[in-house]
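The values are calculated or read from the model by the stated rules, or taken from the named source; none is laboratory data. Values in this document were obtained by computation on a predicted structure and should not be read as measured data. Backbone-built Cβ (ideal geometry, glycine too); neighbour counts: all protein chains shown. Ligands, DNA and RNA are excluded from the accessible area calculation, which covers all protein heavy atoms including side chains. Shrake-Rupley method; radii C 1.70, N 1.55, O 1.52, S 1.80 Å.
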Amino acid sequence: MSTYRRLNKILLWVLVIAFSILIAGGLLIFKNEAPRPTKIVSQNGTTLVTKQQLISGQAVYEKYGLTDYGSYLGNGTYFGPDYTAQALHVYIQGMYQYYGNKQYGKSFKALNAEQQSGIKGKVKEEIRHNRYNPKTDELTLTTAQTAGLNHLTRYYRHQLRNNPRQAGMPENMIRNNTDDFMQRGDKIDQLTFFFFWGAWLSSTNRPGQTYSYTNNWPYDLEAGNIMTSDAMVWTALSVALLVAGVGVVIYFYKKYHFDMEYTLDYDKIGAIKTDEPITPSQRKAAKYFLIVMGMFFIQVLLGELLAHYYVENGFFGIPLQNIWPFNLAKTWHLQLVIFWVATAWLATGIYITPRVLGREPKRQGFLVDTLFYALLIVVAGSMLGEWGSTLGIINSKWWLFGHYGWEYAEMGKFWQILFILGMVLWVIILCRGFLPAIKIKKNLDRSRLLQLLLSGSIAIPAFYLASLFILPNSHVTFADYWRWWIVHLWVEGIFESFAVILIGYLLVDMKLTTIKSTIRALYFQLILLLGTGVVGMGHHYFWEGDHSIWLALGSCFSALEVIPLCLLVWEAYTHYKVYRDSQLEFPYKGTFMFLVSTGLWNALGAGALGFLINAPAINFFEHGTQWTSAHAHASMAGVYGFFSIAIMLFAMRHLTKPEFWTAKVEKWVKWACWLFNIGLAGMVFITLMPMGFLQLKDALDFGYWHARQMSFYKEPIIQGLTIARSVPDLIFTAGVVVIGVIFLRAMFHLKPASKKINPVDYDIK
């Protein structure tokens with residue numbers, strides 16, 4: 001126990017230091033974010049744009065879910081353009097045209113190379129100069145910049161109104177309603193002002209610096225946006241730190257024996273019973289798993305629809321984008337994966353609670369049913385709200401009930417609060433079983449393991465609270481700082497930590513590892529995961545208008561994040577050995593197959609592909625391309641998706657009658673696992689990685705704006721890669737169908753409920 005206290009103290013200090021760095025860095029972010037001027041004025045003092053119009057344009061961007069169609073400062077979805085890079089390019093072209101007419105009386109294209117070169121140099125120098133006056137809070141534009149803004153306004157009027165070439169997006173989607181957080185006036189013009197402000201802050205030097213507010217992102221030679229020396233230096237240092245970190249971690253791992261000790265007692269493994277009685281609340285948990293598979297199936301179908309939109313503007317000639325525009329389908333695709341993964345974990349926690357206590361807490365079934373129907377309301381209500389907001393049906397309270405406008409935080413604020421309350425109710429359900437079980441002094445090791453699992457559970461709703469700090473009129477840099485607390489810290493950090501703890505719990509529950517070694521291993525893994533991951537999320541802060549200190553913090557800690565993820569490969573191999581060597585009857589082979597897959601994809605998808613794109617020298621050119629999508633699919637589906645299926649199989653094995661799990665059913669589980677892995681590997685390595693490589697090459701050759709144009713996806717080779725993706729997509733879908741059928745059939749073979757069960761015995765020395 002003294003060892004536990006030391007490890008616990010180390011973990012707490014690691015958390016204190018890591019979050020202190022994160023919060024201190026956040027304060028620097030807010031201090032150094034680009035200004036949103038009260039007015040943008042011309043040289044003669046005429047007001048061109050007001051702050052209220054900028055905020056209104058941002059609200060338009062949010063209400064219509066454009067973050068799930070294109071991207072802003074590289075954050076969002078990669079089908080549509082990056083509006084920051086596109087606006088910067090078009091704005092510069094407008095300035096070229098102005099100087100061509102002024103100096104030579106000709107269009108810019110009609111000038112010779114020498115004349116064009118002179119104008120390009122003049123424009124580059126002009127846009128780098130920062131004309132923001134902090135005393136008056138006004139930004140002054142030169143006459144040429146004003147011409148560039150007017151040119152940009154005409155461009156987006158053409159692009160976003162009466163233009164069917166916006167594939168997967170209905171014509172005239174953006175209406176002139178003056179809704180919450182909006183000002184009177186043309187909404188497309190206001191949206192243009194918001195895009196222009198992004199172009200300005202990305203190409204104008206910070207006061208006293210030689211780089212822009214976004215550290216010179218996006219890459220655009222005409223704007224003078226080239227990679228800074230800091231980005232290259234910290235990339236090199238991060239690689240060196242990774243190599244050194246691997247050596248240090250291996251040293252401590254081996255010296256203090258932080259690996260789990262397997263019992264290798266196959267008599268005990270063979271004696272594991274799955275025919276024990278279940279309580280009413282455990283039986284009620286089964287219906288959660290059925291809903292999980294329904295959401296999973298719909299999410300996969302939406303992913304296939306999104307891939308289809310890359311090929312044609314419609315669905316086999318049907319103008320489906322008028323009902324399900326790309327941005328709505330993408331919103332649901334992202335949100336459903338959060339919903340079904342979270343629901344799988346909630347249901348597994350509900351199943352485990354009476355198991356750790358040995359009895360059913362009073363009225364537990366009522367709370368379980370209440371949570372179930374509350375989740376259904378949140379899922380259905382938020383999705384319908386997003387549909388209504390995107391299509392202009394919900395207007396005045398769009399930010400409460402409609403699309404909130406930020407990727408991975410698309411739910412309206414009302415639904416976000418309900419979702420948090422649902423997770424709090426889940427924690428209450430767990431506490432009613434865990435707290436009495438922890439107080440039992442019979443086995444202190446068992447109490448410590450339950451404490452870790454309960455702490456991980458409480459962290460899930462706690463860290464989602466970051467979503468409440470974001471409002472529709474928040475500065476984009478401020479909002480994105482907190483948004484990554486959800487996307488990276490909540491999903492990749494807290495989810496990852498909870499998954500590691502739950503895997504350890506399951507291994508002890510299945511009597512495969514000793515409890516003491518498992519707890520020590522969990523502490524070691526949590527110290528590494530949170531010690532690197534909390535600050536490692538800074539790689540998302542490179543280019544969004546933050547202070548350049550995050551180039552150092554984000555690159556170094558992000559590189560170190562790879563180490564604990566790759567250590568999970570060894571853990572997956574040891575899992576495989578137990579699965580392979582268990583000659584006697586072993587009821588958890590399906591669970592183990594998916595756990596092994598989870599470990600492999602953790603190292604490959606989250607680790608290797610994450611490291612590939614997170615180094616500043618690569619991310620500067622790659623940010624917001626299909627390599628990011630490859631990393632997202634490999635880590636989200638391969639880690640959280642496969643882990644969710646593993647724990648659902650574990651729970652359903654106990655909730656159903658033993659005779660259901662015939663050799664044929666076990667074979668179906670095995671085939672499903674192979675279908676999932678083959679399909680995901682094909683999706684990532686046949687389509688997304690090659691597309692990302694070609695997109696990166698395009699960005700290097702022509703500028704980032706060019707690689708994000710719709711024309712890129714119309715290239716024959718890109719079209720061919722997209723069509724080829726249908727094969728692995730169908731294979732993956734087949735895996736979903738097989739697992740879904742297994743769970744559906746299992747619902748007809750549930751055990752009857754009993755009021756009392758035997759608690760799990762953890763007395764494995």
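Annotations for the structure displayed:
- If you check Thr47, Thr84 for being open to solvent by 30 Å² or more (accessible area, probe 1.4 Å) and of a type in the set (Ser, Thr, Tyr), only one passes: Thr47.
- Scanning the stretch 584-602 for residues that are farther than 23 Å from Val300 by Cα and surrounded by fewer than 24 Cβ atoms within 10 Å (Cβ to Cβ) gives Leu584, Glu585, Phe586, Pro587, Tyr588, Lys589.
- Considering (1) in contact with a Leu (Cβ under 9 Å, 6 or more places away or on another chain); (2) open to solvent by 10 Å² or more (accessible area, probe 1.4 Å), the lone condition that Gly679 does not fulfil carries the number (2).
- Among the residues listed as Leu320, Leu328, the single one being among the hydrophobic types (A, V, I, L, M, F, W, C) and touching a residue at least 24 places away in the same chain (Cβ under 8 Å): Leu328
- As for the stretch 622-639, it holds no residue that is over 20 Å from the mean Cα position of the chain (by Cα), of a type outside the set (D, E, K, R) and in a helix (DSSP H, G or I).
- Count of the stretch 355-399 residues which are in contact (Cβ under 8 Å) with a residue 24 or more places away in the chain and either out of contact with any strand residue (DSSP E or B) (no Cβ under 8 Å at 6 or more places or on another chain) or among the β-branched types (Val, Ile, Thr) (or both): 29
- In the stretch 699-737, the qualifying residues are those that are open to solvent by less than 50 Å² (accessible area, probe 1.4 Å) and part of a loop (DSSP other than H, G, I, E, B), and the one that is farthest from Gly303 (Cα to Cα) is Gly703.
- Residue match in the stretch 618-633 (condition: open to solvent by less than 10 Å² (accessible area, probe 1.4 Å), within 20 Å of Ala342 (Cβ to Cβ) and at pLDDT below 95): no
- In the stretch 462-479, the residues that are under 17 Å from the mean Cα position of the chain (by Cα) and open to solvent by 10 Å² or more (accessible area, probe 1.4 Å): Phe463, Leu465
- Yes/no for Thr136 being hydroxyl-bearing (Ser, Thr, Tyr) and part of a helix (DSSP H, G or I): no
- All of Ile29, Ile40 fail the test of being touching a residue at least 40 places away in the same chain (Cβ under 8 Å), open to solvent by less than 40 Å² (accessible area, probe 1.4 Å) and out of contact with any Leu (no Cβ under 7 Å at 6 or more places or on another chain), apart from Ile29.
Conditions (1) open to solvent by less than 20 Å² (accessible area, probe 1.4 Å); (2) touching a Leu at 6+ places or on another chain (Cβ under 9 Å); (3) part of a helix (DSSP H, G or I), marked per residue:
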site	(1), (2), (3)
Trp345	yes, yes, yes
Thr353	yes, yes, yes
Phe366	no, no, yes
Trp387	no, yes, yes
Trp406	no, no, no
Ile429	yes, yes, yes
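- Phe693 of a type outside the set (Asp, Glu), assigned to a helix (DSSP H, G or I), more than 20 Å from the chain's Cα centre (by Cα) and modelled with pLDDT under 95: no
- Lone qualifier among Ile503, Ile420 - being in contact (Cβ under 8 Å) with a residue 24 or more places away in the chain and surrounded by 20 or more Cβ atoms within 10 Å (Cβ to Cβ): Ile503
- Residues in the stretch 156-166 that are surrounded by fewer than 19 Cβ atoms within 10 Å (Cβ to Cβ) and touching a residue at least 12 places away in the same chain (Cβ under 8 Å): 4 in all.
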